[in-house]
Amino acid sequence: MLETFVCVSVVVIYFLISIFTADDQSSTENEQLDKLDDGMGNVFADGEHMTRQEAEDAQARGELYDTYY
């Protein structure tokens, strides 16, 4: 009984930590794209204009290199 409680507790703590660290990372990525926003919903990154969704997708795939303001 005690072993089950400990295992469940460890799994719950692991998931909570992974959720909170994932939010911090995506927040930082969004801040970078916010700084590159041209004010009309587009992003200028890597020397080209793209929509916000295209920029988020490219960043998720690791294709954006010049994303620092």
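Of everything in the range 1-25 that is open to solvent by less than 90 Å² (accessible area, probe 1.4 Å), at pLDDT 85 or above and of a type outside the set (Val, Ile, Thr), the residue that is farthest from Gln59 (Cα to Cα) is Cys7. Among the conditions (1) modelled with pLDDT of 85 or more; (2) outside any strand (DSSP E or B), the only one that Met50 does not satisfy is (2). Considering only the range 60-67, I want to know if a residue exists there that is surrounded by 10 or more Cβ atoms within 10 Å (Cβ to Cβ), assigned to a helix (DSSP H, G or I) and at pLDDT 80 or above. Checked against the condition, which is being surrounded by 10 or more Cβ atoms within 10 Å (Cβ to Cβ), assigned to a helix (DSSP H, G or I) and at pLDDT 80 or above, the range 60-67 yields at least one hit.
The values are calculated or read from the model by the stated rules, or taken from the named source; none is laboratory data. No experiment lies behind these values; they were computed from the predicted model shown. Neighbour counts are summed over all protein chains in view; Cβ atoms, including those assigned to glycine, are modelled from backbone coordinates with ideal geometry. These area figures cover heavy atoms from the full protein model, side chains too; ligands, DNA and RNA do not enter into them. Shrake-Rupley method; radii C 1.70, N 1.55, O 1.52, S 1.80 Å.
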